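A.B. asks: Starting off with a structure, shown below.
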Amino acid sequence: MPNPRWIHVAHALLVAVLFAPTLFLGEMPYFRDVVYTYWPDLEFLSRSLRTGTFPLWHPGADGGAPFFAPYPPHLLLAALFGGSGALRLSTVLHVQLAASGASELARQRGTSFAGAIAAGVAFGLGGVVLSSLLYPVFLAAAWMPWLVRAWLRLLERPTPPRAAALALLAAVQLSTFGAEVCLQTAVLAFVLQPPRRKAARALLLSAVLFAALAAPVLLGARAMAADTARAAGFPPTVALAYSAAPAVLAEALVPGFFGDLRGFSASQFWGASLHPNGFPFFVSLYQGPLVLLFAVFGGSRRLWVLSALGLLLALGSHGPFAPLLAQASQFRAPVKFVFLASLSLSLLAGAGLDRVRGRRPLALALCLAVPFAALGVAAAFDPRGLAGALAPLLPPLGDPHAAAVIAEHWPRALLRVALLMVLCGALVAAGRARIAPLLLAGELLAANAGLVPSAPVSHFALRPEVAALLAPVRAGEPGRLFSCGLCGLPSQAWRGRPRTDLPLFALERQALAPRAHVLDSIDGAFDEDRMGLTPPGAALPPPLRDPTRIAAYHRTLALGNVRWVLSWRPLPPALAIPRGEAALAEVDDRLGLYELVGALPRAYWVPRGIAVADRRAAWRALRDADERAVVVLEAPALPAFAVAAGPAEVSFAPAGPHRVRVQARTPPGFVVLLDGFGAGWRLEGGGQLWRANGRYRAWWTPGGAREFTLVYAPGWRVPALAGLALGVLGVLVSALTRRLDTSRVDA
């Protein structure tokens, strides 16, 4: 049998082919939330780590909000390679981890060398993994097979080192925040091998070590999520959004089923009506009929049950588990449960490759190939007729654009799959089944390579005309920026007809769509809440970002220290004064910079305060209050402070993510700092810090010339670090211990 290490070499070669532009040309992925969320967050993390700070607060996004990035691989990559380097390498690393982990898990279950490669290829190059790059569930899925393998090894021989390995892997997976995949991992492990009595001590040791190692993640995540939409629980309409309709699951077997989502026109994608906002959570679920062909012979009932369970859960509101998923209100997007089905089917395919014999697989391959070939021929010669024939089963195919998608994408893809299925069946019949993983790899690369688009990093650099436009933002007093993104930019503004979505993402980057402004060290406010973890009042939903509706949220921006607004549409001069514009090559419209009328400084003084019971009461009180003369504070009551008038000077100086200095020369009154309020902030030297105006910070000053220092030191840090230290010590001790004494348990 070949050396098992060659399995990982084989996967590395495939990953190198898939990510060649990223690895060898310096390009970076850009699709979906990469430019808006992951790159800015990694860049901020990298800058903070270079100054020796592990950041727990982000002063430059969301008007100041908690920030927590405990995932060890990203910490290491960001520290060594910067934000863009971490972004490039993380995608490559985790696809390799996913493929190699699935192969190792298959080998643990007794699969051969060729079968293990097939399992790794099916999982690592499957659509669900490649179309979720850098999502928390993607990061967690890369560790999923490794964690299940560690579970099986521990039950096979319960020793302290194996207990420690399981705890360590579980803690790393949890630190990705991919909670849905963590749950699926536990289900997969328990179903494949239920706990054994003889392993009770080892499992208890692993659980204790995991709790200690995961203390920072558990306590930090709890603090970060406090008082957010996720902590409160999403309503069923949100929790069940992105449920996979049956037609969406059909895409797992039919390549190019919906067309090319990255195309710039509706004539390239016909499945928009099946998804919220016309856009799927996963760009593709394609696993391929070749995986199914070998999975049929996999023989494991438990894996088939797990595959079915994953698909039924992914159906969400369309399936039997809708009531259960609606109650699990901290989760969103039931389609995420396809990871369970994907890994289970991949393991079945690997095992099936070992079991196939004789001509029966060839007969099955021919049975599967015939309908694919027939559909491919029909799509080539009569796409409109095929769309009309399938429309009763799939109503979205009645869309006039569907025929164009069918004509462009279906013939080549369907005929390719049909041919490969026949070849695989013939190889099996000839006793050459071990060559089949090569065909499987080629098919998945051909079908899914487009799921990982990349472009040179320079493509997303701030262009000279935009940099010149933003010069007043950089030169002025501290004032935040609000970007409308591409809201208000009409579709007819595009010059020519772009073939892909790359110009769209490039233009969003130039418009500093939330939170791309972090890349340029510009403070922003009212970014989009993409994770359900933004503090209340800190974000604006996409419908409100429309520049034509700025009158509805003008005061909200002003109260949040927003001084600058980027918009493609002219803003009313009474609300925002134009300060310049930039012409960009992609569109006829110009990107305008506006200075908000009535913007408040970052820090200022007011003579009076009003006490209210909670945030809702604060927002009601603000409707009639003059924010320059009074501050609304969340407090049971306020002491009787002396009220005075006179000149006031207040200046603001940030000193890193966790420290702020405010110089004040004022009469007695209140200093208001328009930075987000957090439970971990305190005044150095003592003094009461209140939540002000529903979102920000304020404190009493007795007047005179004073310097105030605010420090962020959340209370969960000490117990979290203590738990982590104990966990690391426990892992080291366990790693040096050969075995547990299980004699009493066995008795």
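A.B. asks: Out of curiosity, is Ala199 part of a helix (DSSP H, G or I) and surrounded by fewer than 22 Cβ atoms within 10 Å (Cβ to Cβ)?
C.D. replies: Numbers: part of a helix (DSSP H, G or I): yes; surrounded by fewer than 22 Cβ atoms within 10 Å (Cβ to Cβ): no.
In short, no.
A.B. asks: Considering the stretch 240-250 alone, what residues qualify as being crowded, with 23+ Cβ neighbours inside 10 Å and either of a type in the set (D, E, K, R) or not in a loop (DSSP other than H, G, I, E, B) (or both)?
C.D. replies: If the condition is that a residue be crowded, with 23+ Cβ neighbours inside 10 Å and either of a type in the set (D, E, K, R) or not in a loop (DSSP other than H, G, I, E, B) (or both), then Val248 is the only one that fits.
A.B. asks: Now a separate question. I need the full set of residues from the stretch 275-308 which are surrounded by 19 or more Cβ atoms within 10 Å (Cβ to Cβ), touching a Phe, Trp or Tyr at 6+ places or on another chain (Cβ under 8 Å) and assigned to a helix (DSSP H, G or I), in order please.
C.D. replies: Selection gives Pro289 alone.
A.B. asks: Of the residues Leu469, Leu440, which single one is surrounded by 15 or more Cβ atoms within 10 Å (Cβ to Cβ) and closer than 30 Å to Asp588 by Cα?
C.D. replies: That would be Leu469, the only listed residue that is surrounded by 15 or more Cβ atoms within 10 Å (Cβ to Cβ) and closer than 30 Å to Asp588 by Cα.
A.B. asks: Please go through (1) hydrophobic (A, V, I, L, M, F, W, C); (2) surrounded by 17 or more Cβ atoms within 10 Å (Cβ to Cβ); (3) not in a helix (DSSP H, G or I) for Val518 and return the number of the only condition it doesn't satisfy.
C.D. replies: Going through the list (1) hydrophobic (A, V, I, L, M, F, W, C); (2) surrounded by 17 or more Cβ atoms within 10 Å (Cβ to Cβ); (3) not in a helix (DSSP H, G or I), Val518 breaks only (3).
A.B. asks: Only one of Phe123, Phe138 is out of contact with any helix residue (DSSP H, G or I) (no Cβ under 6 Å at 6 or more places or on another chain), assigned to a helix (DSSP H, G or I) and within 26 Å of Ala252 (Cα to Cα); which?
C.D. replies: Selected residue: Phe138, the only one of Phe123, Phe138 that is out of contact with any helix residue (DSSP H, G or I) (no Cβ under 6 Å at 6 or more places or on another chain), assigned to a helix (DSSP H, G or I) and within 26 Å of Ala252 (Cα to Cα).
A.B. asks: Still on this model: Might you let me know whether the stretch 75-96 holds any residue that is without any contact (Cβ under 8 Å) to a residue 60 or more places away in the chain and among the aromatic types (Phe, Trp, Tyr)?
C.D. replies: So far as the stretch 75-96 goes, yes, one or more of its residues are without any contact (Cβ under 8 Å) to a residue 60 or more places away in the chain and among the aromatic types (Phe, Trp, Tyr).
To keep it simple, each residue is scored yes or no on (1) over 22 Å from Ala140 (Cβ atoms); (2) acidic (Asp, Glu); (3) modelled with pLDDT under 95; (4) in the same structural domain as Pro514 (by TED's automatic domain parsing).
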| site | (1), (2), (3), (4) |
| --- | --- |
| Gly63 | yes, no, yes, no |
| Leu76 | no, no, no, no |
| Ala79 | no, no, no, no |
| Leu87 | no, no, yes, no |
| Leu93 | no, no, no, no |
| Gln96 | no, no, no, no |
| Gly101 | no, no, no, no |
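A.B. asks: In addition: Pairs needed: first member in the stretch 364-377, at pLDDT 90 or above and part of a helix (DSSP H, G or I); second member anywhere, surrounded by fewer than 21 Cβ atoms within 10 Å (Cβ to Cβ) and of a type outside the set (D, E, K, R); C-beta distance under 7 Å; at least 6 residues apart or different chains.
C.D. replies: Here the result reads Ala373/Leu415; Gly376/Pro411; Gly376/Leu415, each pair linking the stretch 364-377 to a residue that is surrounded by fewer than 21 Cβ atoms within 10 Å (Cβ to Cβ) and of a type outside the set (D, E, K, R).
A.B. asks: A follow-up question, please. Of a type outside the set (A, V, I, L, M, F, W, C), at pLDDT below 90 and surrounded by fewer than 18 Cβ atoms within 10 Å (Cβ to Cβ), is that true of Arg412?
C.D. replies: Criteria not met by Arg412.
A.B. asks: Quick one: in the stretch 49-89, which of the residues that are among the charged types (D, E, K, R) and closer than 21 Å to Tyr36 by Cβ is surrounded by the most Cβ atoms within 10 Å (Cβ to Cβ)?
C.D. replies: Ranking the candidates gives Asp62 first.
A.B. asks: Being within 30 Å of Arg222 (Cα to Cα), among the β-branched types (Val, Ile, Thr), touching a residue at least 24 places away in the same chain (Cβ under 8 Å) and touching a Leu at 6+ places or on another chain (Cβ under 7 Å) narrows it down to one of Val34, Val17, so name that one. Outline the logic, then answer.
C.D. replies: On the way: Val17 fails: within 30 Å of Arg222 (Cα to Cα).
Among Val34, Val17, only Val34 is within 30 Å of Arg222 (Cα to Cα), among the β-branched types (Val, Ile, Thr), touching a residue at least 24 places away in the same chain (Cβ under 8 Å) and touching a Leu at 6+ places or on another chain (Cβ under 7 Å).
A.B. asks: Among the helices (runs of 4 or more DSSP H) contained in the stretch 1-98, which hold 2 or more residues that are over 15 Å from Val452 (Cβ atoms)? I'd like the intermediate steps shown before the answer.
C.D. replies: On the way: elements: 5-18, 20-24, 39-50.
The qualifying helices (runs of 4 or more DSSP H) are 5-18, 39-50.
A.B. asks: Still on this structure, please answer the following. Output the residues belonging to the stretch 597-637 that are assigned to a loop (DSSP other than H, G, I, E, B) and closer than 19 Å to Gly669 by Cα.
C.D. replies: Leu600, Pro601, Arg602, Pro607, Ala625, Asp626, Glu627, Arg628, Ala629, Ala635, Pro636, Ala637
A.B. asks: Suppose we keep only residues that are among the polar types (S, T, N, Q) and either more than 18 Å from Leu519 (Cβ to Cβ) or outside any strand (DSSP E or B) (or both) within the stretch 469-494. Which one would you say is nearest to the chain's Cα centre (by Cα)?
C.D. replies: Residues of the stretch 469-494 that are among the polar types (S, T, N, Q), as a first pass: 483, 491-492.
From what's left, either more than 18 Å from Leu519 (Cβ to Cβ) or outside any strand (DSSP E or B) (or both): 491-492.
Working: Ser491: 27, Gln492: 31 Å.
Going through the qualifying residues, I end up with Ser491.
The values are calculated or read from the model by the stated rules, or taken from the named source; none is laboratory data. None of the values given here were measured: they were computed from a predicted structure. Please note: Cβ atoms are built from the backbone with ideal geometry, for glycine as well, and neighbour counts cover all protein chains shown.
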